[in-house]
Amino acid sequence: MRSALRKLEKSGRLTTVQGAVHPKFELAAVLAQAPGRNAVMFNRVEGYETRVVGNLVDRTNFSVSCGIEPTLEASLQHISRGIEHPVPAALIHDAPCREVVITDKIDIMSIMPVATFFEREAGPYITAGVIAAKDPETGKRNVSMNRLLVLGPDKLMIGMSPSHHLYQLMIKAEKLGKPLEISAAIGNHPAVLVAANAYVDLGFDEFEIAGGMFGEPFELSPGVTVNVEAPAGAEFVIEAEFVPGELYEEGPVSEFHGMYVDYGKSPVLCVKAVTHRKDAIYQTILPGKYHEHFLIGAMAIETTVLHHVRRAVPRAKAAYITEGGMGRCHAVISIAEPRPGEGQKAMFAAFAHCNLVKQVIVVDDDIPIDDPIAVEWAIAARMRAERDMIVIPGVRTDRAEALVHHGTVAKVGIFALREAESPPLAEIPRSVMEHVRQKWDSYQVRG
């Protein structure tokens with residue numbers, strides 16, 4: 001995270017808040033109203049010496065942090081490189097995240113300024129934790145992001161769906177009669193956050209995806225009290241294990257769609273150690289319907305959706321998960337020279353890959369799919385509503401879906417593809433457009 005912050009500051013994309021804020025509601029309110037999409041550094045949090053950073057990830061911030069062009073194409077290529085060419089992690093034993101080690105009289109709330117976000121939620125949540133665990137049968141690592149509700153000095157509730165890989169590992173461990181150990185790293189590079197959200201198979205180590213993006217082994221530090229590694233450069237690391245049979249009734253909690261949901265009881269963790277840098281910076285992600293929460297998931301999902309769609313439609317060019325679709329639910333896919341029926345194949349492939357995707361728009365590859373005006377133009381100019389829309393009722397979805405009913409929701413496909421007999425576009429000659437771009441300054445355009 002430190003390297004990302006340096007790059008963002010150099011690029012003018014780091015905003016500092018000098019006035020004191022309270023971690024209960026006030027910090028969240030400032031993040032929600034911060035202008036632009038800069039990362040936000042809070043230098044004074046009431047009751048703490050620790051600084052807090054939020055809004056670290058948006059699409060431009062991700063590009064700056066990773067040293068890539070600020071385009072959808074570059075983002076897809078960068079994250080795809082991590083998935084297609086993963087790099088095994090490297091263990092180091094003198095890690096910044098272990099500068100301070102606490103194993104006795106642990107009190108999470110006295111160590112880090114965990115924020116409370118929404119008025120009906122049960123309490124303060126750790127929202128930027130990258131959770132690592134090992135398959136108790138194979139030893140393979142799994143990495144994810146899960147909310148952690150602080151229940152007491154050394155107790156946390158962990159939120160996870162039964163469909164999540166981490167939940168499956170917990171069940172495996174229970175059947176073997178031993179608690180599952182985890183590490184929760186707080187304060188990570190945007191690439192690590194996106195990798196942790198990748199929709200990949202169980203057993204695919206997401207830290208190796210991060211290494212693929214970095215182009216070198218991602219450094220991990222062995223656990224102090226658990227047999228699970230954590231990112232060596234993290235700001236804080238919580239080591240814990242599931243408490244067998246103990247569940248906590250969470251009550252209302254915000255979801256990505258911005259509404260409260262009640263998932264009932266969730267597992268409890270007992271904290272065994274907390275380690276951190278001497279000058280640690282606490283990272284938080286504003287949950288609910290706010291852009292960072294949307295985009296960390298969106299960038300991961302659109303990349304794996306594209307991989308999955310290309311298996312069915314090799315000429316699929318790009319995929320984009322929209323922010324208006326809450327960073328989860330609405331996808332736009334472009335195809336080069338699509339043959340009849342390939343738009344439908346792309347739609348079904350996207351639905352099959354990610355339960356949360358419920359609307360797919362398919363366009364030709366002349367449409368910049370991250371431009372909502374261009375996509376709407378394609379729908380207006382190329383879609384025949386009586387032919388090019390399909391509604392599929394009763395499709396299996398995720399429990400987090402805003403309109404879920406008995407585990408299902410209706411899904412929509414829209415095919416805005418050019419017809420063979422479509423009239424040609426009226427365009428200014430491209431050579432002239434490029435010539436004008438090259439000599440723009442000579443026009444002395446003012447005002």
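The values are calculated or read from the model by the stated rules, or taken from the named source; none is laboratory data. Just so it is clear, the structure is predicted and the values come from calculations on it, not from any experiment. Cβ sites come from the backbone with ideal geometry, for glycine too, and all protein chains shown count toward neighbours.
Condition check ((1) within 19 Å of residue 117 (Cα to Cα); (2) touching a strand residue (DSSP E or B) at 6+ places or on another chain (Cβ under 6 Å); (3) not assigned by TED's automatic domain parsing to the domain that holds residue 184) across all residues:
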{"residue": "239", "(1), (2), (3)": "no, yes, no"}
{"residue": "242", "(1), (2), (3)": "no, yes, no"}
{"residue": "246", "(1), (2), (3)": "no, yes, no"}
{"residue": "250", "(1), (2), (3)": "yes, yes, no"}
{"residue": "256", "(1), (2), (3)": "yes, no, no"}
{"residue": "259", "(1), (2), (3)": "yes, no, no"}
{"residue": "266", "(1), (2), (3)": "no, yes, no"}
{"residue": "270", "(1), (2), (3)": "no, yes, no"}
{"residue": "277", "(1), (2), (3)": "no, no, no"}
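Of all the residues that make up segment 377-421, how many are of a type in the set (Asp, Glu) and under 26 Å from the mean Cα position of the chain (by Cα)?
Final tally of qualifying residues: 2.
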The conditions are (1) of a type outside the set (Asp, Glu); (2) surrounded by fewer than 20 Cβ atoms within 10 Å (Cβ to Cβ); (3) farther than 30 Å from residue 75 by Cβ, and residue 159 fails exactly one of them. Which is it? (3)
Out of (1) in a helix (DSSP H, G or I); (2) buried (at least 18 other Cβ atoms within 10 Å of the Cβ); (3) not hydrophobic (A, V, I, L, M, F, W, C), the one residue 376 does not meet is (2)
Using the structure shown, decide if residue 236 is crowded, with 23+ Cβ neighbours inside 10 Å, under 17 Å from residue 196 (Cα atoms) and aromatic (Phe, Trp, Tyr). yes
Can you tell me which residues in segment 382-430 are of a type in the set (Asp, Glu) and touching a residue at least 60 places away in the same chain (Cβ under 8 Å)? 398, 401
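Report yes if residue 32 is touching a residue at least 12 places away in the same chain (Cβ under 8 Å), of a type in the set (A, V, I, L, M), out of contact with any Ser or Thr (no Cβ under 9 Å at 6 or more places or on another chain) and in the same structural domain as residue 191 (by TED's automatic domain parsing), otherwise no. Reasoning before the result, please.
Details: touching a residue at least 12 places away in the same chain (Cβ under 8 Å): yes; of a type in the set (A, V, I, L, M): yes; out of contact with any Ser or Thr (no Cβ under 9 Å at 6 or more places or on another chain): yes; in the same structural domain as residue 191 (by TED's automatic domain parsing): yes.
It is true that residue 32 is touching a residue at least 12 places away in the same chain (Cβ under 8 Å), of a type in the set (A, V, I, L, M), out of contact with any Ser or Thr (no Cβ under 9 Å at 6 or more places or on another chain) and in the same structural domain as residue 191 (by TED's automatic domain parsing).
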Of everything in segment 336-362 that's in contact (Cβ under 8 Å) with a residue 40 or more places away in the chain and more than 25 Å from the chain's Cα centre (by Cα), which residue is nearest to residue 411 (Cα to Cα)? 344
Working only within segment 165-196, note down all residues that are closer than 17 Å to residue 354 by Cβ and either surrounded by 24 or more Cβ atoms within 10 Å (Cβ to Cβ) or touching a Lys or Arg at 6+ places or on another chain (Cβ under 8 Å) (or both). 194, 195, 196
Which of the strands (runs of 3 or more DSSP E) contained wholly in segment 261-359 include at least 2 residues that are among the β-branched types (Val, Ile, Thr)? 265-276, 330-335
Taking only segment 117-141 into account, find how many residues are touching a Gly at 6+ places or on another chain (Cβ under 6 Å) and not small (Gly, Ala, Ser). 1
Test set (1) among the hydroxyl-bearing types (Ser, Thr, Tyr); (2) free of Cβ contacts under 8 Å to residues at least 12 places away in the same chain; (3) closer than 18 Å to residue 216 by Cα - residue 71 fails condition number: (3)
The one condition in (1) loosely packed, with under 10 Cβ neighbours inside 10 Å; (2) at pLDDT below 95; (3) charged (D, E, K, R) that residue 396 fails to fulfil: (1)
Conditions (1) touching a Pro at 6+ places or on another chain (Cβ under 9 Å); (2) surrounded by fewer than 24 Cβ atoms within 10 Å (Cβ to Cβ): number failed by residue 265: (1)
Consider only pairs whose beta carbons are under 8 Å apart and that are at least six residues apart or on different chains; among these, list those whose first residue lies in segment 3-29 and is closer than 23 Å to residue 234 by Cα and whose second residue is loosely packed, with under 13 Cβ neighbours inside 10 Å and of a type in the set (Asp, Glu). 23/46
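Could you list, in sequence order, all residues of segment 301-310 that are in contact with a Phe, Trp or Tyr (Cβ under 7 Å, 6 or more places away or on another chain) and crowded, with 23+ Cβ neighbours inside 10 Å?
Going residue by residue through segment 301-310, those that are in contact with a Phe, Trp or Tyr (Cβ under 7 Å, 6 or more places away or on another chain) are 301-302, 304.
Once the filter is applied, which keeps residues that are in contact with a Phe, Trp or Tyr (Cβ under 7 Å, 6 or more places away or on another chain) and crowded, with 23+ Cβ neighbours inside 10 Å, segment 301-310 yields 301, 302.
Given the criterion under 20 Å from residue 192 (Cβ atoms), touching a strand residue (DSSP E or B) at 6+ places or on another chain (Cβ under 8 Å) and small (Gly, Ala, Ser), identify the matching residue among 89, 115.
Working: 115 fails: under 20 Å from residue 192 (Cβ atoms).
Going through 89, 115 in turn, just one is under 20 Å from residue 192 (Cβ atoms), touching a strand residue (DSSP E or B) at 6+ places or on another chain (Cβ under 8 Å) and small (Gly, Ala, Ser): 89.
Which one of these is over 16 Å from the mean Cα position of the chain (by Cα) and modelled with pLDDT under 95: 162, 136?
Going through 162, 136 in turn, the sole match is 162.
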Which condition number in (1) exposed (fewer than 10 other Cβ atoms within 10 Å of the Cβ); (2) more than 22 Å from residue 332 (Cα to Cα); (3) at pLDDT 95 or above is the one that residue 421 fails? (3)
Condition check: touching a residue at least 12 places away in the same chain (Cβ under 8 Å) and of a type outside the set (A, V, I, L, M, F, W, C). Does residue 245 satisfy that? no
